[in-house]
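Enquirer: Handing you this structure, nothing more for now.
Values in this text are rule-based calculations from the coordinates and carry no lab data. Computed from a predicted model, the values in this text were never measured in an experiment. Glycine also receives a Cβ, built like all others from the backbone with ideal geometry; neighbour counts cover every protein chain displayed.
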Amino acid sequence: MNQLQKIVFPIDFTRRSTQGAAHVSTWAGKFGAEIIAVHFVDPKDHDASPPPDDRSFLEDLPVLQEKATRDLDFFCSENLSGCKVRRMVRMGEKAVGISVLAQDEHADLIMIPRNHQPFVERFMTDSVTAKILNDCPVPVWTSEHLDQELNPDIRHILCAIHVEDDVTLDAANGRLIHAVRLVAGAFGARVTCLYVGERGGGFFRGSELAASVSERLEKIQHEMEDIADFGVESGGVLRAIHRVAAQKSADLIISGRSGPGTVSLGAQTHILLIDHNGPCPVLSVL
């Protein structure tokens, strides 16, 4: 996330798309970014098999695409007026199509409004977001709390830092810090950096691992001291993130995202959990 010039905004014409549009237009305005507003005519939404297996769907496709084009034009004129918008209607599976589009366009951000998910269903009914988080290297903004009419402006950012004795994680934290600086600078937001020791502060005390983690935390604190407060907590990571985000009245949580792994209940579960239980949208950076 070196800059923010292109935002991919998947639109399904539901209430969540309308609610998400205010956030997308705010981000686009802050960065002067182009919005790629895209709707996918997905065979799964029409109880059809992917082409060429379903002839009936192929016969209906021209009409479906024409209607979607008109609906997208109306949506953008109503909800994204004043923004630089490029409109696209594509056919195919949404999760795959969004990931491919974002990479082909060299997009800097994908913004995905979500429906609020009950505990048991939140992974099963939102596989689109889970797959994008797992498969796509582009930063992803997501929120399932837009019914609460959250202010799209960002005044306080909570940055969740994960530190280990791992060079690849050091590189990921470098990208995370850059993203935090970029967003905080554009919005004029305050920042709180949070590190949570899941097993408690004294678990590795006196060990080489403790020294290595402490050295890395001090380096991050030094790099961020001009824009951020720094906090260290112990206990459950997710619970601490939610607690501090609420205490600070955070408008955005920025977190790292692990590399590709098992979809849904695997590597990206923590992002969906932070979004589900947290008080504000989440931006995850790979």
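Enquirer: Using the Karplus curve 6.51 cos²θ - 1.76 cosθ + 1.60 with θ = phi - 60°, work out ³J(HN,Hα) for each residue of segment 11-17 in order, rounded to whole Hz, and write x for Gly and Pro.
Expert: For segment 11-17, the Karplus-derived couplings read 10, 10, 6, 8, 4, 5, 5 Hz, x marking Gly and Pro.
Enquirer: Hey, which of these cross-link pairs are over 18 Å Cα-Cα: 6/248; 30/219; 94/131; 44/131; 6/84?
Expert: Cα-Cα > 18 Å for 6/248; 30/219; rest within.
Enquirer: Could you tally the net charge around residue 89, taking each other residue with its Cβ under 11 Å from the Cβ of residue 89, Lys/Arg +1 and Asp/Glu -1?
Expert: Neighbour charge sum, excluding residue 89 itself: +1.
Enquirer: Counting only residues 5 or more places away or on other chains, whose amide H sits under 5 Å from the amide H of residue 257 once H atoms are built in the peptide plane?
Expert: 285, 286
Enquirer: Relative contact order for the chain: what is it in percent, counting Cα pairs under 8 Å that are at least 6 residues apart?
Expert: Worked out over the chain, it gives 21 percent.
Enquirer: Further question: What are the residues whose amide H is under 5 Å from the amide H of residue 91, where those residues sit 5 or more places off or on another chain and H is modelled from the backbone?
Expert: Here the answer is 41, since their amide H atoms fall under 5 Å of that of residue 91.
Enquirer: Could you go through segment 84-93 in sequence order and give the Karplus-derived ³J(HN,Hα) for each residue, using 6.51 cos²θ - 1.76 cosθ + 1.60 with θ = phi - 60°, rounded to whole Hz, and x for Gly and Pro?
Expert: Going residue by residue, I get 7, 10, 10, 9, 9, 10, 10, 10, x, 5 Hz, with x marking Gly and Pro.
Enquirer: Given only helices, namely DSSP H runs of n ≥ 4 each adding -39500 (n - 2.57), what is the per-residue ellipticity at 222 nm of the chain, to the nearest 500 deg cm²/dmol?
Expert: -13500 deg cm²/dmol
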